[in-house]
Amino acid sequence: MGALADILSLRRGDILERFERTVRAHFPMEGRTRSAVIDTFPVLLDELLDLLRGHPRAQVLDTAAQHRAQRRDLGYDVTQIVREYGLLRDCILELLQETGGTLDLAENRLLHQGIDLAMADAVAERERAVRAETEEQRTLLRDIIAQSGDGIIMADAQGVLRLFNPEAERQHGRPLKELTTQEWMEGLSDEEARPLTLEQVPLHRALQGELVRDESFWIHRPDGTRLPISITARPLRWPDGSLRGAVLTSRDVALRRALAKEREEALALLDTLLATAPVGLSFIDRELRYVRINHALAAINGVPVEQSLGRTVWEVIPRIAPSNAPNYQRVFETGESVTNMELHVPTAGRGGELGYYLVSYSPVKDREGRTLMVATAVVDITERKRFEEQLRQTAEFRERFLGIVSHDLRNPLSIISLSADLLLRQETLPERSLRLAQRIALNAELMARMIGDLLDLTRGRLGGGIPITPAPTDLESLGHRVVSEVEVSHPARELLLETHGDLQGEWDADRLAQLLSNLLKNALDYSPPATPVTLALYDEGERVRMEVRNQGEPIPAELLPDLFEPFRRGMARGRSPSGLGLGLYIVRQISTAHGGTVEVRSTHEEGTVFTIRLPRAVPRHE
């Protein structure tokens, strides 16, 4: 065994200690333990000794692989790993020289072979990684080119087409193998569909060193269709700057052009709407700036369209903005419309006078549902308000007039009724005069009811409702009384009374009698003579229910919504009923005054049923 083998065998610890110091001096090893620094080198020394002794060297590769993995975890690159093996060799040879040992050429050759083997394996491993990474990048590049949404075409320095990705094939309607460079150039035209000269062909221009950016062309396909595209082309060069070829990308802009056309049409339609709409319209962005505004709204604001665009509502309508801006903010925050907001504000369009405006705010959203702008519609309702006020005053005057006249007619009517009553009491009155007196008394009673209805109408419209005086009332007894009174004036008709349960409560007995009498007379007027009319009274716990039922043709559906409005009368089996058409209006007013409800249903099968529900005691209002 030679001197080098002796050093590896007998001075193994010294070699490792020297190697540790050297590695720490050359590499950042702060905080690393000794075992981490020397790693697998003790094993490597043993394997080098075996190699000097003539044993196989396969184990050197395994140990080198383990060390390489450990050093990669520490952040080493291949150069640093190779450098470490060189430091180990230097440490061994330096120790041999210091001990005065003679280096045997055969041992020297074996030592270098073992360490070079570890170095070469590290380099080879790096080369394998580089090749794998390169191949992965090539695969990725091929996938990107194949899956690109743009057509990609590449030509070599002689102009021969070398690459034609699937999107390019789709755009041209055929694959590269069916297309020569000349055919490809002939299939292009400019925006006016004119064939291109060689100097205009984008790929040729790129081969001449020109950068072509986003220029528009048409592709003419074999099936006769054509496709608009946007082309970008640039030269490809080798690292030394010499021409390698050119690459061209083509983007299908058919959809973009269609969308642009739709947008232009939509904007034209919007401009027409803004210009012709009889109401004020505007679009406001998130900074509350006017994006669009029509002349109608500009006239209301008193600021021309040109001076409104790009300015905020605070700048254009400073006196209205405090009332207006919160509604815009609400729509932006919630994404929900705010409709029919009535503003009573002074506007410049009215010379600073107060006006009434009906304003609606609606969100303008993108495809993701985000609110981009707020559309505003403004309707000037000042004149309508004035007209409504005039109508209100006219109606109020009319109803006050009716109330005054009705009240003043009661005195002379009382004298007429009293006089007729005195005449009827005279036993010596001739028969003809008696009939006249009876007619006078009957019509005076009819007039008294009409006047009473008119006074109730006036109270209902102007006085806050019909006044009532609640008191303990037996609804069953009241029902018997009303039915008996109505039977007197309708002796030929059948009236039925049904009672169920406890019918005691606190109501205005006279007003409830008026309510029931009106409903019964209405039922008698609108039902066949041979059919009965029923008044049914029900106990419903905290409430009572009153129903008046009659048979006959149902009430037309179009009349039901206004049935309880004043002066509404139908045809009673071919004749006009008596009265002013206030009976059902008074029914609802009396029901409302008692805190109750009234409803009607009318069908062929069930007939017509009016239903009143009242609480047992009239609610007290503070």
Fill in: Among (1) in contact with a helix residue (DSSP H, G or I) (Cβ under 6 Å, 6 or more places away or on another chain); (2) of a type outside the set (S, T, N, Q); (3) at pLDDT below 90, the one test that Glu262 misses
(1)
Practice prompt. Being aliphatic (A, V, I, L, M) and at pLDDT 90 or above narrows it down to one of Leu537, Leu580, Leu559, so name that one.
Written response: Leu537
Worksheet item: Among the listed residues Gly501, Gly479, Gly505, which satisfies the condition of being under 18 Å from Ile612 (Cα atoms), within 57 Å of the chain's Cα centre (by Cα) and surrounded by 15 or more Cβ atoms within 10 Å (Cβ to Cβ)?
Response: Gly505
Discussion item. Against the condition over 16 Å from Leu584 (Cβ atoms) and modelled with pLDDT under 85, how does Ser433 come out, does it pass?
Written reply: yes
Worksheet item: Of the residues in segment 171-183, how many are in contact (Cβ under 8 Å) with a residue 24 or more places away in the chain and either of a type in the set (Lys, Arg) or part of a helix (DSSP H, G or I) (or both)?
Response: 4
Response to the item:
Over segment 341-352, the set of residues over 13 Å from Ile317 (Cα atoms) and either among the aliphatic types (A, V, I, L, M) or modelled with pLDDT of 90 or more (or both) is Met341, Leu343
Item to complete: Please go through segment 108-128 and pick out each residue that is without any contact (Cβ under 8 Å) to a residue 40 or more places away in the chain and crowded, with 18+ Cβ neighbours inside 10 Å.
Response: Met119
Practice prompt. Restrict the check to segment 66-82 and report whether at least one residue is touching a residue at least 60 places away in the same chain (Cβ under 8 Å), surrounded by 15 or more Cβ atoms within 10 Å (Cβ to Cβ) and of a type in the set (A, V, I, L, M).
Written response: no
Item to complete: Report yes if Leu103 is of a type outside the set (Asp, Glu) and at pLDDT 80 or above, otherwise no.
Response: no
Worksheet item: Are any of the residues in segment 193-202 of a type in the set (A, V, I, L, M), outside any loop (DSSP other than H, G, I, E, B), exposed (fewer than 11 other Cβ atoms within 10 Å of the Cβ) and at pLDDT 90 or above?
Response: yes
Worksheet, complete the sentence: Per the filter on segment 173-189, residues over 22 Å from Leu141 (Cα atoms) and surrounded by 14 or more Cβ atoms within 10 Å (Cβ to Cβ) are Gly173, Arg174, Leu179, Thr181, Trp184, Met185, Gly187, Leu188, Ser189
Discussion item. Can you say whether Thr33 is within 13 Å of Ala118 (Cα to Cα), surrounded by fewer than 16 Cβ atoms within 10 Å (Cβ to Cβ), β-branched (Val, Ile, Thr) and at pLDDT 80 or above, as far as the supplied structure shows?
Written reply: no
Practice prompt. Would you confirm whether any residue within segment 415-426 is of a type in the set (Ser, Thr, Tyr) and either exposed (fewer than 15 other Cβ atoms within 10 Å of the Cβ) or at pLDDT 70 or above (or both)?
Written response: yes
Practice prompt. Please work out if Glu136 is without any contact (Cβ under 8 Å) to a residue 24 or more places away in the chain, charged (D, E, K, R) and open to solvent by 40 Å² or more (accessible area, probe 1.4 Å).
Written response: yes
Discussion item. Please verify whether Thr134 is of a type in the set (S, T, N, Q) and either under 19 Å from Ala246 (Cα atoms) or at pLDDT 90 or above (or both), treating the condition exactly as stated.
Written reply: no
Worksheet item: Can you name the residue in segment 141-169 that is of a type in the set (D, E, K, R) and loosely packed, with under 14 Cβ neighbours inside 10 Å and is also farthest from the chain's Cα centre (by Cα) among such residues?
Response: Arg162
Item to complete: Would you mention how many residues in segment 119-171 are farther than 18 Å from His204 by Cα and touching a strand residue (DSSP E or B) at 6+ places or on another chain (Cβ under 6 Å)?
Response: 5
Discussion item. Just to be sure I understand, how many residues within segment 256-306 are in a helix (DSSP H, G or I) and either crowded, with 18+ Cβ neighbours inside 10 Å or among the aliphatic types (A, V, I, L, M) (or both)?
Written reply: 18
Worksheet item: What is the number of the single condition among (1) outside any strand (DSSP E or B); (2) open to solvent by less than 70 Å² (accessible area, probe 1.4 Å) that Pro222 does not meet?
Response: (2)
Worksheet item: Mind checking which residues of segment 543-562 are under 11 Å from Phe610 (Cα atoms) and among the aliphatic types (A, V, I, L, M)?
Response: Met546, Val548
Discussion item. For the structure I just gave you, tell me whether Leu198 is more than 16 Å from Leu163 (Cβ to Cβ) and touching a helix residue (DSSP H, G or I) at 6+ places or on another chain (Cβ under 6 Å).
Written reply: yes
Item to complete: May I ask you to list the residues in segment 85-107 that are surrounded by 15 or more Cβ atoms within 10 Å (Cβ to Cβ) and not hydrophobic (A, V, I, L, M, F, W, C)?
Response: Tyr85, Arg89, Gly101, Asp104, Glu107
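The values are calculated or read from the model by the stated rules, or taken from the named source; none is laboratory data. Owing to the predicted nature of the structure, the values given are computational and were not obtained by experimental measurement. Cβ coordinates were reconstructed from backbone atoms using ideal geometry, including for glycine residues, and neighbour counts include every protein chain displayed. Heads up: the accessible areas ignore ligands, DNA and RNA and are worked out on the full protein's heavy atoms, side chains in. Shrake-Rupley method; radii C 1.70, N 1.55, O 1.52, S 1.80 Å.
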